[in-house]
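Visitor: First, the structure itself, so that you have it in front of you.
The values are calculated or read from the model by the stated rules, or taken from the named source; none is laboratory data. Bear in mind the structure is a predicted one, so any value in this text is a computation, not a measurement. Positions of Cβ are backbone-derived with ideal geometry, glycine not excepted, and every protein chain shown enters the neighbour counts.
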Amino acid sequence: MSRYRRRRRLPPAPRPKWRIAVDAVTVIALAAAIIYAINLVPGSSIRGNMIVVDGDSLRPKSGGEDIRLHGIDASELNQSCQDGDGRSYPCGRRARDHLRKLVAGQEVACQTRDVDCYGRTVAVCKAGETELNRQMVADGWALAYRQHEHRYVKDEVAAQAARRGIWQGTFEQPELWRRINLGDAAGKPD
């Protein structure tokens, strides 16, 4: 027999319940973040019935974050414009109402492009065969947001020439209106 006694190992002390709870919450949060990130990978899709928030934003009826229409900038909901006769009208609400008509209860399919500075998904969306982003610009209820996309510029030029939507009179660029009225130094679309 050896002159050294072998020490018996003691079993590890049980983990405190608070530590188990913290670990469980951490795992759940990590899993949620991974699922959220997968859904925001450019090119991933979001489908479903949508609520029209304003002239360039949608919200899934099932809940979740708003979806910002990529490459366009519509008048703000509380923004007013002047028609061809110089009379004021609520162009922001008209832009929202026009987008509602385009969606008209149809399922909307969105292809994600990015996430904006407010954490919203930025996407190109279709209701049926109608690409909502392009149609809003073509109908004159949104501008091509040139800082992010140039593919809607021709649609904007055509809407302006035909005096459709906000082009029927005068208006402040939505970006400038936000800067002045909402105190948004960058004029970022909200």
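Visitor: If the requirement is being surrounded by 10 or more Cβ atoms within 10 Å (Cβ to Cβ) and either modelled with pLDDT of 75 or more or at positive phi (or both), which of these qualifies: 62, 44? Quick ask: steps written out before the conclusion?
Guide: On the way: 62 fails: surrounded by 10 or more Cβ atoms within 10 Å (Cβ to Cβ).
Going through 62, 44 in turn, the sole match is 44.
Visitor: Exactly one condition in (1) at pLDDT below 95; (2) part of a helix (DSSP H, G or I) is false for residue 12; which is it?
Guide: Checking residue 12 against (1) at pLDDT below 95; (2) part of a helix (DSSP H, G or I), the one that fails is (2).
Visitor: Follow-up question, since we're still on this one. Which one is farthest from the chain's Cα centre (by Cα), of the residues in the range 65-79 that are surrounded by 20 or more Cβ atoms within 10 Å (Cβ to Cβ) and of a type in the set (S, T, N, Q)?
Guide: Per the stated criteria, the residue is 79.
Visitor: Looking at (1) surrounded by 19 or more Cβ atoms within 10 Å (Cβ to Cβ); (2) at pLDDT 95 or above, which one does residue 82 not meet, given that it meets all the others?
Guide: Checking residue 82 against (1) surrounded by 19 or more Cβ atoms within 10 Å (Cβ to Cβ); (2) at pLDDT 95 or above, the one that fails is (1).
Visitor: Please specify each residue of the range 103-126 satisfying the condition of being polar (S, T, N, Q) and outside any loop (DSSP other than H, G, I, E, B). Break it down into steps so the answer makes sense when it comes.
Guide: So the first thing to find is which residues in the range 103-126 are polar (S, T, N, Q), and the list is 106, 111-112, 121.
Within the range 103-126, 111, 112, 121 meet the criteria.
Visitor: Which is surrounded by fewer than 20 Cβ atoms within 10 Å (Cβ to Cβ) and either polar (S, T, N, Q) or more than 16 Å from the chain's Cα centre (by Cα) (or both), of 119, 128, 140, 92? Walk me through how you get there before you give the answer.
Guide: Values: 119 fails: either polar (S, T, N, Q) or more than 16 Å from the chain's Cα centre (by Cα) (or both); 140 fails: surrounded by fewer than 20 Cβ atoms within 10 Å (Cβ to Cβ); 92 fails: surrounded by fewer than 20 Cβ atoms within 10 Å (Cβ to Cβ).
The unique qualifying residue is 128.
Visitor: Here is a follow-up. Regarding the range 92-104, can at least one residue be identified that is of a type outside the set (Ser, Thr, Tyr), in contact (Cβ under 8 Å) with a residue 60 or more places away in the chain, farther than 16 Å from residue 66 by Cβ and touching a strand residue (DSSP E or B) at 6+ places or on another chain (Cβ under 7 Å)?
Guide: The answer is no; no qualifying residue exists.
Visitor: When residues of the range 96-127 are filtered for being in contact with a helix residue (DSSP H, G or I) (Cβ under 9 Å, 6 or more places away or on another chain) and either over 12 Å from residue 46 (Cβ atoms) or aliphatic (A, V, I, L, M) (or both), how many remain?
Guide: 8
Visitor: If the requirement is being farther than 21 Å from residue 44 by Cβ, surrounded by fewer than 16 Cβ atoms within 10 Å (Cβ to Cβ) and in contact with a helix residue (DSSP H, G or I) (Cβ under 6 Å, 6 or more places away or on another chain), which of these qualifies: 135, 147, 160?
Guide: Values: 135 fails: surrounded by fewer than 16 Cβ atoms within 10 Å (Cβ to Cβ); 147 fails: in contact with a helix residue (DSSP H, G or I) (Cβ under 6 Å, 6 or more places away or on another chain).
One residue alone meets the criteria, 160.
Visitor: Looking only at residues that are of a type in the set (D, E, K, R) and over 19 Å from residue 133 (Cβ atoms) in the range 163-176, which one is surrounded by the most Cβ atoms within 10 Å (Cβ to Cβ)? Reasoning before the result, please.
Guide: As a first pass, look at the range 163-176 and keep what is of a type in the set (D, E, K, R): 163-164, 172, 175.
Remaining after also requiring over 19 Å from residue 133 (Cβ atoms): 163, 172.
Details: 163: 12, 172: 19.
Going through the qualifying residues, I end up with 172.
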